[in-house]
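The values are calculated or read from the model by the stated rules, or taken from the named source; none is laboratory data. Only a predicted model underlies this, so the values are computations on that prediction, with no experimental measurement involved. Backbone-built Cβ (ideal geometry, glycine too); neighbour counts: all protein chains shown. Only protein heavy atoms, including side chains, enter the accessible area calculation; ligands, DNA and RNA are left aside. Shrake-Rupley method; radii C 1.70, N 1.55, O 1.52, S 1.80 Å.
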Amino acid sequence: MAEPLLELDQVYASYGAIESLKGVTLSVQAGEIVTLIGGNGAGKTTTLKCISGLHAVSRGSIRFDGRDLKNLPPHDIVRLGIGHSPEGRRVFARMTVAENLDLGAYIRKDKVETALDLAKVYALFPVLEQRRQQLAGTLSGGEQQMLAVGRAMMARPRLLLLDEPSLGLAPLIVQTIFQVILTLNQQGTTILLVEQNARMALKIANRGYVLETGEITMTGPASDLLVDPRVQSAYLGQ
Amino acid sequence: MDTLVQQLIIGLTNGMVFALIALGYTMVYGILEFINFAHGDVFMLASFLALTLVGALGLQQQTGMVFALELLGIILTCAAFAASLNWTIDRLVYKPLRKAPKLAPLVSAIGVSFILQNIGLFWGGMPLKVFGGGNQAAAPKAFPDLLPATNLLGPNSHLTLLPKDVLVIGASLTVMAALYGLVRFTKLGKAMRATAQDPTAARLMGIDVDFVVGATFVIGGCLAGFAAVIYSLYINTVHYQMGYQNGLYAFTAAVVGGIGNIPGAVLGGLLLGLLRALSDQFIGAQWQPAVLFGVLIVILVFRPAGLLGSTAREKV
Ligand SMILES: Nc1ncnc2c1ncn2[C@@H]1O[C@H](COP(=O)(O)OP(=O)(O)OP(=O)(O)O)[C@@H](O)[C@H]1O
Ligand SMILES: [Mg+2]
């Protein structure tokens, strides 16, 4: 197999005395959708934060495209091609939808290409175009989620980290979001998807990892995990 | 009627100076949620520099191109000085405390304020002619009246409008317009607004938040340095405690306008200046603090987040 696009090797991280990642090892190949599932407090968000540089890795290494991310600040990591749609959306509430998307393209200088990507975001989420002059804080939760994903797309990342994009959304909107994730992937974006909605995530992913209290306990093709009795009883409510 | 208009002119000019200082408080607060109590003292030291430069250049009241350029040179030097000082204070004192409990940087800022006042006291004691030979370090120092005292409305007018009034109002408006343009239209301004709303999300956009914080201290410092020269030309005295007093007024203006809000700081500054002038004229200068702060408290009771501040919690 080719060298993975993203590779975590024995990653440890902690909040003060609490160790929340205890040797996480995982990899994502270019072109894949990989999902990371696990219960509350398992360390999914912390894993994504370590990748994008928001949280310090205390031991172990993270490599992206063959490059060690150690000690790189988040603003440099974005420039390497990692986009992160964070937990809780974190849209800029007092800015308009258009301004939020514009900030998503903060690192870019290619105006023409950026405009094309903006058109692409609006095509995927027509509601964002309708509301482009509206303040992001006044959008519904689902619309804010679409904005958070669209904003991350605007940097044209090679790897997109998505932290619970379906959280708190109506089933129809969840469908839309997952459809967009698939489309993005088909257009060439590699995706690492964190989800509590394990069923949906495993359905669209190529491979999956199960994280429990800071450790990877299972991994395999998503289709295998979907029918694994342990996954079914713990995460699929069967 | 004439007295009213006259007081409005006085209020407006004073208000402009408060607004310029208030902007420094509010911009830093907007980004760090921290009150830089030393900001007023940076303003004070810049005015000491202005007086020192006036002495060194031997400036006296005159007109002409060379004089205008010298004045501009003093303004730019003082702005650059205050900007560097503000930036250095942030890097040395506040930055190591960025993740500390909020009271730690606050107390440090009060400490820096006192240290800067002591530096002002020392500076005022230097044996310079413009400092009265430095014999009385703590005494107010006369800042020469560099602009002519001709009434622009004509010698027979009941109203007085001096060149320095025009200078204060005109220059302040220019600087505020420039600041507005910077915050609204430049890439740095965009980064500043994003950082003020959500530093974590801003990082994920590729914004170097440390740089943005540094830039904010530089801009706030520039405004304070600029305000220092304008104030000195207008009030014609400098004193090592003037930063403490004007800083407190400006800080109040920033809170009344809505702390963290840039137009709010300007509005609050002008309001404070006008209220002060009107209460001096119609109620009596000795009652000014009570009247002024009485009105401001009433405003805050009805609008606790300030005139332009938002009370709405954001969805996260
Ligand atoms: N800011 C913090 N301070 C202290 N502990 C934290 C902090 N953030 C997370 N933790 C702890 O680290 C562990 C992992 O948290 P994390 O947010 O990564 O979990 P998660 O898998 O994303 O959970 P969820 O599905 O609820 O979002 C938890 O035990 C949590 O309590
Ligand atoms: Mg989480």
For helices (runs of 4 or more DSSP H) lying entirely in the range A:159-238, having 2 or more residues that are under 30 Å from A:LYS120 (Cα atoms) and free of Cβ contacts under 8 Å to residues at least 60 places away in the same chain picks out A:171-186, A:198-204
If we keep only residues of the range A:45-91 that are within 16 Å of ligand 2 (Cβ to nearest atom) and open to solvent by 30 Å² or more (accessible area, probe 1.4 Å), then the residue farthest from A:GLU215 (Cα to Cα) is A:ARG90
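Do you know which residues across the range A:39-53 are of a type in the set (Ser, Thr, Tyr) and within 12 Å of ligand 1 (Cβ to nearest atom)?
The answer is A:THR45, A:THR46, A:THR47.
What are the residues in the range B:169-216 that are among the β-branched types (Val, Ile, Thr), more than 12 Å from chain A (Cβ to nearest Cβ) and assigned to a helix (DSSP H, G or I), if any?
B:ILE169, B:THR174, B:VAL175, B:VAL183, B:VAL213, B:THR216
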**OP:** Could you tell me whether the range A:19-38 includes any residue that is within 9 Å of ligand 1 (Cβ to nearest atom), farther than 22 Å from A:GLY208 by Cα and over 17 Å from the mean Cα position of the chain (by Cα)?
**Re:** yes
Out of (1) within 13 Å of another protein chain (Cβ to nearest Cβ); (2) of a type outside the set (Ser, Thr, Tyr); (3) more than 23 Å from B:ASP208 (Cβ to Cβ), the one A:ILE173 does not meet is (1)
Quick count over the range B:247-269, residues being over 10 Å from B:ALA22 (Cβ atoms) and part of a helix (DSSP H, G or I), is 2
**So A:ARG131, is it among the basic types (Lys, Arg), farther than 27 Å from A:GLY31 by Cα and crowded, with 16+ Cβ neighbours inside 10 Å** = yes
Checked the range B:279-306 for anything touching a residue at least 12 places away in the same chain (Cβ under 8 Å) and closer than 16 Å to B:TYR249 by Cα; matches are B:SER279, B:ASP280, B:GLN288, B:VAL291, B:LEU292, B:PHE293, B:VAL295, B:LEU296, B:ILE299, B:LEU300, B:GLY306
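Each row is one residue, and each column tells you yes or no for (1) open to solvent by 20 Å² or more (accessible area, probe 1.4 Å); (2) closer than 23 Å to B:LEU179 by Cα; (3) of a type in the set (D, E, K, R).
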site: B:ALA19; (1), (2), (3): no, yes, no
site: B:ALA22; (1), (2), (3): no, yes, no
site: B:PHE37; (1), (2), (3): yes, yes, no
site: B:VAL42; (1), (2), (3): no, yes, no
site: B:LEU51; (1), (2), (3): no, no, no
site: B:LEU57; (1), (2), (3): yes, no, no
site: B:GLN61; (1), (2), (3): yes, no, no
Taking the range A:31-53 and keeping only residues that are farther than 19 Å from A:GLU195 by Cβ and touching a helix residue (DSSP H, G or I) at 6+ places or on another chain (Cβ under 6 Å), one is left with A:GLY53
Q: Take A:LEU147 and decide whether it is more than 16 Å from ligand 2 (Cβ to nearest atom), surrounded by fewer than 22 Cβ atoms within 10 Å (Cβ to Cβ) and of a type outside the set (Lys, Arg).
A: no
Selection from the range A:76-86 of residues assigned to a loop (DSSP other than H, G, I, E, B) and at the interface with chain B (Cβ under 10 Å from one of its Cβ atoms) yields A:PRO86
Taking the range A:30-44 and the residues there that are more than 19 Å from A:GLN10 (Cβ to Cβ) and open to solvent by less than 30 Å² (accessible area, probe 1.4 Å), the one that is farthest from ligand 2 (Cβ to nearest atom) would be A:GLU32
Condition set at pLDDT below 95 and at positive phi, scope the range A:85-120, selection farthest from ligand 1 (Cβ to nearest atom): answer is A:ARG89
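From the list B:LYS164, B:LYS141, which one is of a type in the set (Lys, Arg) and within 19 Å of the chain's Cα centre (by Cα)?
The match here is B:LYS164.
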Evaluate the range A:12-21: report whether one residue or more is touching a Cys at 6+ places or on another chain (Cβ under 6 Å) and either within 14 Å of chain B (Cβ to nearest Cβ) or within 16 Å of ligand 2 (Cβ to nearest atom) (or both). yes
Scanning the range A:54-75 for residues that are within 17 Å of the chain's Cα centre (by Cα) and within 14 Å of chain B (Cβ to nearest Cβ) gives A:LEU54, A:HIS55, A:PRO74, A:HIS75
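Hey, among A:LEU161, A:LEU211, A:LEU192, which residue is in contact with a His (Cβ under 7 Å, 6 or more places away or on another chain), within 16 Å of ligand 2 (Cβ to nearest atom) and open to solvent by less than 80 Å² (accessible area, probe 1.4 Å)?
The conditions single out A:LEU161.
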Within the range B:233-273, residues being closer than 17 Å to B:THR216 by Cα and among the polar types (S, T, N, Q) number 1
